[in-house]
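FYI, it's all coordinate maths here, none of it is from the lab. Note that this is a predicted model, so its numbers are computed, not measured. Positions of Cβ are generated from backbone atoms using ideal geometry, with glycine treated the same way; all protein chains shown enter the neighbour counts.
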Amino acid sequence: MPWKETTPVDQRMRWIGALSTCRWTMLELCRLYGISRKTGYKWARRYGEEGLEGLKDRSRRPASCPHRTDERCEAALVEERRKHPSWGARKLLTRLSRRHPDWPWPAASTATAVLKRHGLVTPRKLRPRKPSRGKPHLEAAAPNDLWTADFKGEFRTGDRRLCYPLTLADHRSRFLLECRGRRSTARAHARPVFEQAFSTYGLPRAILTDGGPPFSCAATPRRLSRLAVWWIKLGIEPILIQPGHPEQNGRHERMHRTLKAETARPPAASLEAQQAAFDRFRHEYNHERPHEAIGQVPPAELYAHSPRRYPMHEPQVSYPGHLEVRRVRSKGGIRFQGHRFHLSETLGREWVGFEEVDDGLWTVRFGAFVLGRYDARDETFEPL
């Protein structure tokens, strides 16, 4: 014979049935069922008012919650998140609290819970952070001390043509100076973007890039490219990260992730339409989107133009008087003390300086950059 399962509701129904026979007093029946007289009177009252429904358990959920997020705040959070799907709770709260400073905005953790409840947060797999290796992280004390530049990975627009976004940013303020879609990574496509940035914002002190084209040339001492040679003549120091270490330009790479999420998924129909999307993103990124690393303010509030203006004519590199100056031939050859050796075609028609550091041993420089050592005794050049 199977066991019979009973529930609290079944026991209450039996208790009510026994009570209705009037064979036991309330005190005797409560002792028999192991409940207090207060509980017995409660179930008798509920049964009299509601019938069998009154014997069921009621929800213990409070009728109101004093800590519940204000309905106006919740609706505004949801609406703003749908406008900016890549913004987190902190950015949304910063934006909204400026718009409505007198509203009771919740904490960031509560705002995140609200977004999750509305299905607006997609969980992503967390990857362990790896410690940075190689060069130490570069810092800038003021805007325009250091710019960063890079080509975002190429993608095809709707017309099936490749688009290579070239981006320039100020390292200190995170201000996005340029974001231009190019058809190639060649120097001829990149230089006009830098010219526009120099004309608009002035000259930085240094530019940090990776070792890909057109920023680097493996066949040249110090990996100087023609683009870097132009920067040096303008008084800008080119800095290259180590090969295989994109984390050395981590701020720029992180910006690229946001750029891709908001402008290239899906890509626009043409390069012109894609550029319009880049322009909208750059305006929002600079003037509207709060940045946590700079105190939850937009980058435009921290950035200022450089006092170093872009010259009308390209200057030449100058050297101290104690250096011997020679001009590199168009094919990269150079003549010094009656001897010829190959320096670099990238430096063709540029002036380089020779500084004697020992008897017959010369340091070869292009501006402040040491290119290598020339030993006049055996007529050899050793590049760096």
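Order by neighbour count: Thr258, Thr112, fewest other Cβ atoms within 10 Å first, most last. Don't jump to the answer; show the numbers that get you there.
Details: Thr258 14, Thr112 19.
In order of increasing Cβ crowding within 10 Å: Thr258, Thr112.
Measure nothing but the geometry: give the 0 to 90° angle between the long axis through the Cα atoms of 271-287 and the longest principal axis through the Cα atoms of the chain, rounded to 10°. So the helix axis and the longest Cα principal axis differ by about 70 degrees. Gain on full extension, evaluated as 0.36 nm per residue between Arg280 and Arg327 minus their Cα-Cα distance, stands at 12.3 nm.
Provide the FRET efficiency to the nearest 0.05 for the Arg205-Gln337 pair, computing r from the beta carbons and using R0 = 51 Å.
Working: r = 35 Å, r/R0 = 0.69.
For Arg205 and Gln337, the calculated efficiency is 0.90.
For the chain, the longest principal axis of the C-alpha atoms and the axis of helix 187-201 are separated by about 80°. Estimated from helical segments only, the mean residue ellipticity of the chain at 222 nm is -10000 deg cm²/dmol, where each DSSP H run of four or more residues counts as -39500 (n - 2.57). Under 17 Å from the 7 Å Cα→Cβ point of Ala108, by amide nitrogen: which residues of the range 283-313? Taking a point 7 Å out along Cα→Cβ of Ala108, the residues of the range 283-313 whose backbone N falls under 17 Å are 289-299. Placing unit charges on the Cβ atoms of the charged side chains and taking the dipole of the chain about its Cα centre, the candidate lying farthest along the positive direction among His342, Gln275, Phe194 is Gln275. Between helix 89-99 and the chain there is an angle of about 90 degrees, using the helix long axis and the longest principal axis of the Cα atoms.
Centre-to-centre, using Cα atoms only, the range 338-380 and the range 242-285 are separated by 41 Å.
Residue separation times 0.36 nm, minus the C-alpha to C-alpha distance between Arg309 and Thr185: what's the value?
On the way: separation 124, 0.36 × 124 = 44.64 nm, distance 2.62 nm.
Full extension from Arg309 to Thr185 adds 42.0 nm.
Name all residues of the range 101-127 having a backbone nitrogen under 15 Å from the label point set 7 Å from the Cα of Arg90 along its Cα→Cβ direction, giving them as ranges. Under cut-off, by backbone N: 107-112.
Under a point-charge model restricted to the Cβ atoms of Lys and Arg (+1) and Asp and Glu (-1), what is the dipole moment magnitude of the range 8-55 relative to its Cα centre, in debye to the nearest 20? Mind dumping the intermediate values first?
Details: 9 positive and 5 negative charges, 49 e Å.
With only Lys, Arg, Asp and Glu charged at Cβ, the dipole is about 240 debye.
With the simple spin-label model, which puts each label point 7 Å out from Cα in the Cβ direction, the Asp10 to Arg23 separation comes to 2.0 nm.
Of the trypsin sites (Lys or Arg not before Pro) in the range 11-51, the ones in a loop by DSSP (not H, G, I, E or B) with at most 14 other beta carbons within 10 Å are Arg23.
A simple spin-label model places the labels of Ala141 and Glu272 4.8 nm from each other, with each point 7 Å out along Cα-to-Cβ. For the range 157-298, the square roots a ≥ b ≥ c of the C-alpha gyration tensor eigenvalues yield an a/c of 1.5 or more together with a/b not exceeding b/c, which makes the shape oblate. The label-point distance for Arg98 and Ser59, in a model that sets each label 7 Å from Cα toward Cβ, rounds to 4.0 nm. If the segment from Lys42 to Arg117 were pulled out straight at 0.36 nm per residue, it would be longer than the present Cα-Cα gap by 23.3 nm.
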